[in-house]
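I have placed the structure first, in the form of structure tokens, so that the comments after it can refer back to it.
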Amino acid sequence: MNAVLSFVSRHFRHNRLSFCLGIAAALVPAISGLLLLGVAGWFITAAGVAGATGVFLNIFVPSAMIRALAILRTAGRYGERMLTHDATFRYLADLRTKLFAAMASRSLSGQRSGLLLNRLTIDISALDGVYLRLVVPFVVISTVSLAALAVWLSMPAIVFAAGAVCLGGWFGLAVHAVRSADKKIARRADAANEAMRLRATDMVAGRRDLAVFGGLEPVAETIRRADETQGAAEDLEDRRAVRLTGFSAVLGQIFVALMLVVVSLSVMANDMSPGLGIALVLAAIAVPEIIGSILPGLAKLPRIALAADRTNTLLAPSQSDVRLPGAQRTDNNHGAPVTGSILKFETVSFGYPGAERTVLENLSFELSEKQTLAIAGRSGCGKSTVAALASRMLVPGDGRILLNGQDLADVPEAELRSRVTVLSQRPHLFNDTVGANLRIANPTASDTELWIALAQAAIAQRISESPDGLDTVIGEGGLGLSGGEQRRIALARAFLTNPDLFILDEMTEGLDTATTIDVLERFFSFRGRAAVLMIAHKRIELEAAGSVLFLNQRKADLAAE
């Protein structure tokens, strides 16, 4: 529950005005609806009594009140929907941006991007009910309850007692719903949903091999089992919702019946007028509906609490987001270039979760300015793991990594990405324009700078042949470009940076010899004073490096050649 309260507090701080306006708008239809029933009940009763006794009754004032309250209720309902949803959607839009930024800035090793995206979608979907189904109904119910108690306090004691007892029953039901909110059920449902989606995605991607080797049915069975697990967990959530709704409905019927009895006794004892009694009874009919508005939120509270907990954890400042006292740096783009040691591994060990043995053990090396170091070794020895550790995509289990003499874990995320540039064997190109894909590296780059970078990467002519030039749209994953052209676009993107360290993770893998030589020559003519850590397979890459380091899969100490 603390996570939910923290989420509400963050929402309130995001835009206090829209937060409060939505609540104020929600109070209008609730209060006007209660008054509408009360005034209508009193007017009908008073008109009947006046007709039977011949007493004069001014019908214009109550008629005008009824009409005004009906209009106010309708307009208030529209205003409530507009303002509360606007407040929710604006905050969730900002929240999505912050969550994506937090995911990008954290080391989320061992987690698939599809899993993270699915979890983000589920959590945002759950959290959109916090304000609409919990906060707004809670404030409305609290306001209406306090107003009702104040009104009943001026009535005979039996009326106040009946109303207070029933409100106490609803309060007890709400407390029980909060205390019995078990996140385990929601966590089980989310895990099953994630498993089902990921397994289905894997099955579609590998359907050809699965069909050839007869593995389709076993994989499909695992998806069905995940679906059954999710269904069972959701059944438990639905039963919780049904129980809450049922108990609240029973309390509502008891409340209306009890109010009818106590009002009738009060009228017969001449403690209140018949018109006022009917007004109280009709107003009491609307109270269960108002209180029931919070039930959907209480029913989904376990899932909401789980989503809020994960979101708060992700948004909490990490160690890498905080600059430690005394941490200093000289911006390579605005001051004197950094000299001396650029990258240093000190007895670094790393193992993947669930693996029987570590990939790297006691790995140590140092890379200085303008030095090119190639790391080689057979498949599976940990070359790409070294690249991921150096770029803080992974975090070492033991030892430490230094960047310009500072512990890599302490370097703020924005500073790290400005000082380290990674070129991988599968550069990701977004379904966007060429210019937008290049400006990922330098958002302020001019069109001239983009064309220069493209020319340096020998891809400018290919882009200029398109009538849209820099506005040419690249298909998802680089669709429409050859493998070599995709690497050249990625190379041009790297040319827009000015880091202290380049990490080349098998950048030329899959390219022919001529293209490999051209790409490497263009890169090394550009890299300037930056150090280069190169994960290499090809002899051409090894020959281009100043020194070569071989990793042994069984013994992760480094052997230099």
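Computed from the coordinates by the stated procedures, all read-outs in this text should not be read as laboratory data. Keep in mind that this is a model prediction, so the values were computed, not measured. Backbone-built Cβ (ideal geometry, glycine too); neighbour counts: all protein chains shown.
Averaged over residues, the count of other Cβ atoms within 10 Å places the peptides 384-392, 460-468 in the sequence 384-392, 460-468, highest first. For the chain, the Cβ-based charge dipole about the Cα centre amounts to some 1100 debye (Lys, Arg positive; Asp, Glu negative; other atoms uncharged).
Applying a length cut-off of 15 Å (Cα extent along the axis) and a mean Kyte-Doolittle floor of -1.0 to the DSSP H helices of the chain leaves 2-14, 16-53, 60-105, 113-130, 136-153, 157-179, 183-205, 216-268, 274-292, 301-315, 483-495, 513-526. Distance from the alpha carbon centroid of region 459-517 to that of region 74-91 works out to 47 angstrom.
By the rule of a C-alpha distance below 16 Å, with chain neighbours fewer than 8 residues away ignored, the aspartates and glutamates paired with Lys344 are Glu361, Glu366, Glu369, Asp398, Asp407, Asp410, Asp500, Asp557. Here region 1-18 is scanned for amide nitrogen atoms under 12 Å from the site 7 Å beyond the Cα of Asp94 along Cα-to-Cβ, giving 9-18.
For region 341-560, what proportion of DSSP beta bridges, expressed in % and rounded to the nearest 5, is antiparallel?
50 percent
Straight-line cross-link reach from Lys183 at under 25 Å between alpha-carbon atoms covers these lysines, not counting any fewer than eight positions away in the same chain: Lys98, Lys300. Positive end of the dipole of region 465-555 (Cβ unit charges, origin at the Cα centre): among Gly484, Ser466, Phe502, the Cα lying farthest that way belongs to Phe502. For region 405-538, the orientation-averaged shadow of the C-alpha convex hull comes to 8.5 nm² (one quarter of the hull surface). Short-range pairs are left out: with C-alpha atoms under 8 Å and at least six residues apart, the relative contact order of the chain is 15 percent. The base-10 log of I(q)/I(0) for region 11-316, evaluated at q = 0.13, 0.15 Å⁻¹, reads -1.01, -1.20 [Debye formula, identical scatterers on Cα atoms, solvent excluded]. Taken about its Cα centre, region 341-560 carries a charge dipole of about 480 debye when Lys and Arg each add +1 at the Cβ and Asp and Glu each add -1 at the Cβ. Each principal axis of the Cα atoms in region 457-525 has its own extent, and those three values, largest first, are 34, 27, 22 angstrom.
Amide H contacts under 5 Å for Ser424: Asp505, restricted to partners 5 or more places along the chain or on a different chain, H placed in the peptide plane at 1.01 Å from N. What is the set of long-range amide H partners of Glu369 at a cut-off below 5 Å, with H atoms built 1.01 Å from backbone N? When sequence neighbours closer than 5 places are left aside, the close amide H contacts are Gly340, Ile342. Built from the Cα atoms of region 222-269, the convex hull projects on average onto 2.9 nm², one quarter of its surface area. Highest average first, the peptides 370-382, 290-302, 58-70, 167-179 ordered by how many other beta carbon atoms sit within 10 Å of their residues are 290-302, 370-382, 167-179, 58-70. Among the listed options (1) 33.6, 115; (2) 35.7, 109; (3) 22.9, 74, the one matching Rg and Dmax of the Cα atoms in Å as calculated from these coordinates is (1). Looking at Met393, His428, Gly377, which one has the Cα that reaches farthest to the positive end of the dipole of region 377-438 (charges on Cβ: Lys, Arg +1; Asp, Glu -1)? Of the candidates, Gly377 comes out farthest on the positive side. A convex hull fitted to the Cα coordinates of region 345-426 yields 119 cubic angstrom per residue.
Nearest 20 debye, what's the magnitude of the dipole of region 11-316 about its Cα centre given +1 on Lys and Arg Cβ and -1 on Asp and Glu Cβ?
In debye, rounded to 20, region 11-316 gives about 740.
Using all pairs of distinct alpha-carbon atoms, the Kirkwood hydrodynamic radius of region 153-238 works out to 16.7 angstrom. Taking all Cα pairs closer than 8 Å and separated by 6 or more residues, the relative contact order of region 341-560 comes to 32 percent.
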